[in-house]
Amino acid sequence: MIRTLYHIEAPGTVPYANQSLETYLLDAVGEEECILYLWQNRKTVVIGRNQNAWTECRCRQLEADGGYLARRLSGGGAVFHDSGNLNFTFLVSRHNYDVVRQTSVILRAVQKSGIAAECSGRNDLTAGGRKFSGNAYYQGSRSCYHHGTLLLRSDKAELEKYLTVSQRKLESKSVSSVKSRVVNLCELMPDISVSGMKEKLLEAFSEVYALPVMTFPEERLDVAALAAYEKKFSSWNWKYGRNISFTCEQSGRFDWGEILIQLRIEGGCIRDAALWSDALDTDFIQAVQEALPGIRFSEDAVQQKIAALNPDTELRCQEAADISVLLAGML
């Protein structure tokens, strides 16, 4: 049971420091606590844990313009952050993790602002059929977080300038561009503001959990731990991942997300593999990537290796089947 609600705001707008605080709070949250963390990034493209930076973002253009590329721990797709975008994170122990309840806080806050909002698809919040919030999720061994965006007054021209959303994804949403798929809440309620939305979020947080909201104690923050996390998230290896010299690749889009598979084949064996995906389930994609190197590049060997991962949910069984089909198509 949750007995204490805390809120905390990021002191700055550099994404790596903000990611650092988010990850630290994941470690720090108590068994009977729920923390609502509010934060903003300046000119930043944030990609999912298993996404390929080079295919999701015009990285060189972004950095030449003084922007940042950031990779998060959670899955899902790429998003653009600027000063017109407010981000939220709910941090809670595993046994108190409740995505429906957490999402209701966001919906109630937006509705308090006079906007009819609803859940749509696997992780989007929409108003008038257009997306204003994308959500993603991360589960650690002891605690979890659920985070997302709120587009209030974001620069949609810059969003389209830096994001390179695949045509296959746009077609699945029946839209012609990423800009036409999203809506700023100020288009629906012109006087909406970041400060006003923060107030609505804290009000809704208290109402949904029927508890007062207190400020997270500053003395519980560890400066050295925060610095270590910031170093990790700002490193080239974390942001861009590794590139392999691949000999074949295959891609597909499914209900659970998009995936690009790259393999390096030598002597009839898979020597290296890279799987890039916006799937929300990051762990299974990683497990497949780590399982493939060293096996024969044959349909039987691939299917046996994936089956040996013992997909334990309906979603993972479907992911395993779809990935097996893609791999078979590379033979």
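The figures follow:
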read-out	value
FRET efficiency, 1/(1 + (r/R0)^6) with R0 35 Å, evaluated for ARG242 and ALA321 via beta carbons	0.85
Accessible surface of segment 54-164 [probe 1.4 Å, protein heavy atoms]: carbon and sulfur percent	46
Value at 222 nm in deg cm²/dmol, rounded to 500, when DSSP H runs of n ≥ 4 in the chain each add -39,500 (n - 2.57)	-10500 deg cm²/dmol
Full-stretch length increase - GLU199, GLU299 - with 0.36 nm per residue and alpha-carbon distance subtracted	30.4 nm
Protection proxy ranking, peptides 87-93, 116-122, average beta carbon neighbours within 10 Å, highest first	87-93, 116-122
GLU9/CYS269 FRET efficiency (R0 56 Å; Cβ-Cβ; nearest 0.05)	0.60
Shape of the chain, Cα gyration tensor, a/c cut at 1.5	prolate
Per-peptide average of other Cβ atoms within 10 Å, ordering 186-193, 275-282, 124-131 highest first	275-282, 124-131, 186-193
Cα-projected label distance for GLU118 with GLU207, points at 7 Å along beta-carbon direction, nm	2.0
Size of segment 79-144 as Cα extents on the principal axes (Å, biggest first)	37, 24, 21
Surface accessible to a 1.4 Å probe, per residue, for the residues of the chain, Å²	44
Three-way shape call for segment 1-136 based on the alpha-carbon gyration tensor, with the a/c threshold at 1.5	oblate
For the chain: relative contact order, % (alpha-carbon pairs under 8 angstrom, 6 or more apart)	19
Segment 36-108 - percent relative contact order, Cα under 8 Å, separation 6 or more	43
Distance (nanometres) between label positions extended 7 Å along Cα→Cβ at LYS231 and GLN111	4.7
Simple spin-label estimate for HIS95 and ALA308 in nanometres, 7 Å along Cα-Cβ	3.6
Highest-first arrangement of 34-41, 196-203, 21-28, where packing means the average Cβ count within 10 Å	34-41, 21-28, 196-203
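The values are calculated or read from the model by the stated rules, or taken from the named source; none is laboratory data. All values reported here derive from a predicted model rather than from experimental measurement. Quick reminder, even Gly has a Cβ in these numbers, built from the backbone with ideal geometry, and neighbours come from all protein chains shown. For accessibility, only protein heavy atoms count, side chains too; no ligands or nucleic acids. Shrake-Rupley method; radii C 1.70, N 1.55, O 1.52, S 1.80 Å.
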